[in-house]
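A short write-up of the structure that comes next.
The values are calculated or read from the model by the stated rules, or taken from the named source; none is laboratory data. No experiment lies behind these values; they were computed from the predicted model shown. Cβ placement follows ideal geometry from the backbone for every residue including glycine, while neighbour counts extend to all protein chains displayed.
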Ligand SMILES: Cc1cc2nc3c(=O)[nH]c(=O)nc-3n(C[C@H](O)[C@H](O)[C@H](O)COP(=O)(O)OP(=O)(O)OC[C@H]3O[C@@H](n4cnc5c(N)ncnc54)[C@H](O)[C@@H]3O)c2cc1C
């Protein structure tokens, strides 16, 4: 069903999309946010809800899930709809050159402008691989930790050799009975300080080993490692990283200039198509940093550009202190 025409449609309810949605709502635009996931927050919710972020302005330190909850609250105060479980599958031109049609997995919308805040695209965790075929209770295997209390008092194996694996092992070491970190190399692909904290912790570090096979064992799992050691655990967490997929985006009818994974934008974050902007991790320009604050800056900038253009330059940016 085609609804009314939106001024702005934001694709992606990660931090960049949520803050852009708040800003657009505060400036009285008819705006909506669409996200393919069933929860808002993008990477913060899907990949590291329990981690503490230290470099968001105004927060001394904030848990990722708390930041998302605050962003959702901030955005919702202007009644901006955040439509979840709704993936954008196409954007196309309409007969009116000033209006785009946005097709999702649920319906079709019309919008005068679009802000793409899709991060690295739809992401899925890299799957666990064992050297030999394994058959075991998959409910004992997780790819993210959404609630660390679930692991309280349990024996846990974490697999992986990057920052996420080390951070997860250290985080679980606070609550679990035991944590073993399994990595196929001796060296970790992680910040030196994280590796130092790991080595000083009570996490059992098992390197260089691969996981030969996994089987069920007394309500938990038995891991047979490549050095023939056996490890019995209640739960396993795999942190091999994520595969991002922007193939679907490349199939959109509007053809936007992209580098391998990102949209090329100008100094106002506009893509190669008029009135389609890209912000946050998905936007590429020289000097771009993959930080939350970058998206927080780019969103309001893009929204102001959209509004200035629509009002032929008569409507400049406003201070929030003057708007209420
Ligand atoms: C482990 C880890 C730790 C990090 N720590 C920090 C930190 O301490 N400080 C910091 O500044 N940054 C940190 N980052 C980076 C930070 O998370 C990203 O910069 C930030 O999430 C980018 O936000 P975004 O809104 O641009 O994209 P994302 O958070 O990736 O959100 C994009 C959203 O778009 C949705 N989407 C994608 N395609 C579609 C589609 N076709 N239709 C509908 N929805 C779609 C996705 O479902 C997703 O919800 C960390 C990242 C990781 C992985």
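Some observations on this one:
- Going through (1) within 17 Å of residue 118 (Cα to Cα); (2) assigned to a helix (DSSP H, G or I); (3) touching a residue at least 60 places away in the same chain (Cβ under 8 Å) one by one, residue 32 falls short only on (2).
- If the condition is being part of a loop (DSSP other than H, G, I, E, B), modelled with pLDDT under 95, touching a helix residue (DSSP H, G or I) at 6+ places or on another chain (Cβ under 7 Å) and buried (at least 17 other Cβ atoms within 10 Å of the Cβ), then segment 189-240 contributes 190, 239.
- Residue check for residue 139: farther than 30 Å from residue 264 by Cβ, exposed (fewer than 13 other Cβ atoms within 10 Å of the Cβ) and within 16 Å of the ligand (Cβ to nearest atom): no
- Qualifying positions in segment 61-100 - within 18 Å of residue 30 (Cα to Cα), surrounded by fewer than 18 Cβ atoms within 10 Å (Cβ to Cβ) and touching a residue at least 60 places away in the same chain (Cβ under 8 Å): 84, 98, 99
- The number of residues in segment 172-188 being in contact with a helix residue (DSSP H, G or I) (Cβ under 6 Å, 6 or more places away or on another chain) and in contact (Cβ under 8 Å) with a residue 40 or more places away in the chain comes to 1.
- Residue ID - nearest to the ligand (Cβ to nearest atom), chosen from residues in segment 143-171 that are more than 21 Å from the chain's Cα centre (by Cα) and part of a helix (DSSP H, G or I): 170
- Among the residues making up segment 27-45, those that are buried (at least 20 other Cβ atoms within 10 Å of the Cβ) and more than 6 Å from the ligand (Cβ to nearest atom) are 27, 29, 31, 32, 33, 40, 41, 45.
- Residue under evaluation residue 247, criteria (1) more than 9 Å from the ligand (Cβ to nearest atom); (2) modelled with pLDDT of 95 or more; (3) under 30 Å from residue 164 (Cβ atoms); (4) surrounded by fewer than 17 Cβ atoms within 10 Å (Cβ to Cβ), criterion not met: (2)
- Members of segment 258-280 found to be within 14 Å of the ligand (Cβ to nearest atom) and either modelled with pLDDT of 95 or more or closer than 27 Å to residue 99 by Cβ (or both), listed by number: 258, 262, 263, 265, 269, 276, 277, 278, 279, 280
- Test: residue in segment 266-280 that is surrounded by fewer than 15 Cβ atoms within 10 Å (Cβ to Cβ), outside any loop (DSSP other than H, G, I, E, B) and under 23 Å from the mean Cα position of the chain (by Cα): no
- Within segment 267-282, residues that are at negative phi and in the same structural domain as residue 100 (by TED's automatic domain parsing) sit with their Cβ atoms under 6 Å from residues that are part of a strand (DSSP E or B) and more than 16 Å from the ligand (Cβ to nearest atom), at 6+ positions apart or across chains, in these pairs: 277/270.
- Selected residue [outside any helix (DSSP H, G or I), more than 10 Å from the ligand (Cβ to nearest atom) and within 16 Å of the chain's Cα centre (by Cα)] from 124, 130, 66: 124
- Of all the criteria given as (1) under 29 Å from the mean Cα position of the chain (by Cα); (2) at negative phi; (3) free of Cβ contacts under 8 Å to residues at least 40 places away in the same chain, the one not satisfied by residue 321 is (1).
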